[in-house]
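Everything below concerns the one structure shown next.
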Amino acid sequence: MDYHLKCTLCGAEYDAKDVRYVCPKHGDDGILDTIFDYKQIAGKTSPKKISDSRDFSIWRYAELLPLEDPSKSAPPLQVGWTPMYRSTTLGKQLGLSNLYFKDDGRNPTASFKDRASAVVVAKARELGVDIITTASTGNAGAALAGLAAAAKMPAVIFVPETAPQAKIAQLLIFGSRVMLVKGNYDQAVALCLAASKEFGWYCRNTAYNPYTVEGKKTASFEICEQLILTPTLSLEGRGRKGEGWGAPDRIFVSVGDGNIISGLWKGLRDLAALGWIDKIPKLMGIQAEGSAACYNAWKAGTEKITAVNAVTVADSISADIPLDGVRAVRAVRETGGAYLTVSDDEILAAIPELARGEAIFAEPAASTAYAGLKKAVKQGLVKSDETIVCMITGNGLKDIKSAMQVAGEGIHIEPTLEAVKAFKL
Ligand SMILES: *Cc1c(COP(=O)(O)O)cnc(C)c1O
Ligand SMILES: [Zn+2]
């Protein structure tokens with residue numbers, strides 16, 4: 001596939017063979033977009049061809065990914081094609097008639113991050129690198145550890161030593177070298193970058209590696225394809241009935257570094273450029289009140305991201321300086337969406353609501369998107385008949401300490417029927 005890289009800050013363009021990570025003109029901040037030749041893609045594939053594919057993973061979109069030949073380089077784990085459920089309960093409670101939940105906790109290491117790590121590991125194999133590394137709050141590392149294990153590639157992962165135990169267990173069990181950094185995520189990022197430069201390890205750091213966003217964009221492809229496939233959705237006015245796919249009106253997603261929302265936006269722009277969708281959904285970025293650098297910049301009408309001192313129960317979206325902040329602010333501004341913040345209490349309360357209403361168990365950073373949707377409805381930001389997708393980015397088993405705070409109590413009883421009778425429902 002023909003593609004080249006373009007700086008999001010100065011617009012300089014590069015051959016992907018010459019630049020591996022960022023635009024050399026701005027130190028480590030010149031995040032690069034991948035630019036495709038859409039005519040060439042349209043000559044090779046079509047929505048129908050993809051929808052006929054029996055490959056139920058992100059690799060069904062191989063022709064839209066910046067890789068030479070995923071059939072040779074893709075690690076053998078099923079990433080993507082996660083379920084998108086039509087809401088049974090919470091939509092009604094909120095007065096929304098077309099609400100969907102896309103459950104990315106159903107990925108192999110139980111978070112959205114598998115999409116990025118799968119594409120970056122495939123790229124690493126193409127490049128023939130020996131060792132791959134990343135910094136992570138936990139999920140990106142777990143995803144890299146799992147996909148590197150699948151590809152038999154050694155990985156070195158840097159996480160804050162305070163990461164939830166389940167995430168650290170994932171890193172260790174897949175056999176990565178695990179560096180438990182006595183510091184926060186931002187310090188782990190800086191250390192990983194320095195180690196990558198010193199030792200020549202291939203660096204997956206979010207946004208610094210241009211292909212994380214390319215992996216994450218596959219979620220938008222799935223959303224638009226699955227909206228057509230979801231039988232309960234009226235196709236009227238959406239997609240092109242068999243020729244194209246259906247874009248929702250809005251997508252709610254939690255934002256930490258801003259790479260997921262940037263990835264969703266990139267996927268939508270790819271589809272719009274190909275003419276496979278006829279509108280770009282409004283992107284709704286939800287941040288924790290205690291980690292709201294993107295929200296602050298958007299609110300102030302600037303792209304200048306000012307560091308915060310991030311503190312939130314939602315560890316996966318805790319970032320002092322978002323690594324993909326500029327693009328994340330643009331994604332919301334240019335799609336006509338909005339940023340909202342929610343409190344830790346609202347984030348935690350959303351976990352049992354999702355579990356009891358839709359039977360989806362979300363970690364705090366994932367329930368954040370639903371907490372934001374509730375707030376948006378309250379503020380009158382959405383119309384009742386809009387088609388809305390709420391991205392659930394990670395599984396609740398990742399952080400049971402948080403879940404147990406809001407799960408309620410079990411009933412301790414003697415092993416007798418009398419004891420059960422005493423607690424009749
Ligand atoms: C990483 C992550 C996010 C946020 O993605 P960013 O690219 O950092 O904005 C949200 N939810 C979960 C579960 C994550 O792991
Ligand atoms: Zn540049």
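The values are calculated or read from the model by the stated rules, or taken from the named source; none is laboratory data. Note that the structure is a prediction, hence the values are computed from the model and not measured. Ideal geometry is used to build each Cβ from the backbone, glycine not excepted, and the neighbour counts take in all protein chains shown.
Restricting to segment 191-225, what's the tally of residues that are of a type in the set (Lys, Arg) and touching a strand residue (DSSP E or B) at 6+ places or on another chain (Cβ under 7 Å)?
Step one: list which residues in segment 191-225 are of a type in the set (Lys, Arg), which gives 197, 204, 216-217.
Keeping just the survivors that are touching a strand residue (DSSP E or B) at 6+ places or on another chain (Cβ under 7 Å) gives 204.
The total comes to 1.
Among the residues of segment 322-357, write down those that are part of a helix (DSSP H, G or I) and in contact with a Leu (Cβ under 6 Å, 6 or more places away or on another chain). Show your work before the answer.
First, pick out the residues of segment 322-357 that are part of a helix (DSSP H, G or I): 325-335, 344-357.
Of everything in segment 322-357, those that are part of a helix (DSSP H, G or I) and in contact with a Leu (Cβ under 6 Å, 6 or more places away or on another chain) turn out to be Ala331, Val332, Thr335, Gly357.
Taking segment 253-281 on its own, how many of its residues are within 21 Å of Ile321 (Cβ to Cβ) and among the β-branched types (Val, Ile, Thr)? Count: 4. Restricted to segment 1-58, and to residues there that are among the acidic types (Asp, Glu) and closer than 20 Å to Ala74 by Cβ, the residue that is nearest to ligand 1 (Cβ to nearest atom) is Asp55. In segment 251-272, the residues that are not assigned by TED's automatic domain parsing to the domain that holds Cys294 never reach a residue that is surrounded by fewer than 24 Cβ atoms within 10 Å (Cβ to Cβ) with C-beta atoms less than 8 angstrom apart, at least six apart or across chains. Looking only at segment 394-425, residues that are touching a residue at least 40 places away in the same chain (Cβ under 8 Å) and not in a helix (DSSP H, G or I) come to 4 in all.
Could you list all residues from segment 176-198 that are of a type in the set (Val, Ile, Thr) and not in a helix (DSSP H, G or I)? Lay out the reasoning, then the answer.
As a first pass, look at segment 176-198 and keep what is of a type in the set (Val, Ile, Thr): 178, 181, 189.
Those that are of a type in the set (Val, Ile, Thr) and not in a helix (DSSP H, G or I): Val178, Val181.
Gly380 passes every criterion in (1) free of Cβ contacts under 8 Å to residues at least 12 places away in the same chain; (2) under 19 Å from the mean Cα position of the chain (by Cα) apart from (2).
Filter segment 5-37 down to the residues that are of a type in the set (D, E, K, R) and more than 12 Å from ligand 2 (Cβ to nearest atom), then identify the one that is surrounded by the most Cβ atoms within 10 Å (Cβ to Cβ). Walk me through it before giving the result.
Pass one, segment 5-37, residues of a type in the set (D, E, K, R): 6, 13, 15, 17-18, 20, 25, 28-29, 33, 37.
After this cut, where a residue has to be more than 12 Å from ligand 2 (Cβ to nearest atom) as well, the list is 15, 17-18, 20, 37.
Numbers: Asp15: 9, Lys17: 8, Asp18: 9, Arg20: 17, Asp37: 12.
The qualifying residue surrounded by the most Cβ atoms within 10 Å (Cβ to Cβ) is Arg20.
The residue of segment 149-175 that is surrounded by the fewest Cβ atoms within 10 Å (Cβ to Cβ), among those that are outside any helix (DSSP H, G or I) and more than 22 Å from the chain's Cα centre (by Cα), is Lys152. Pairs under 7 Å by beta carbon, first residue modelled with pLDDT under 95 in segment 179-190, partner polar (S, T, N, Q), six or more apart or different chains? Hits for this filter: Tyr185/Thr137; Tyr185/Ser318.
Residue-level analysis places Gly394 outside the set of residues that are surrounded by fewer than 23 Cβ atoms within 10 Å (Cβ to Cβ) and either closer than 23 Å to Gly290 by Cβ or away from ligand 1 (no atom under 16 Å from the Cβ) (or both).
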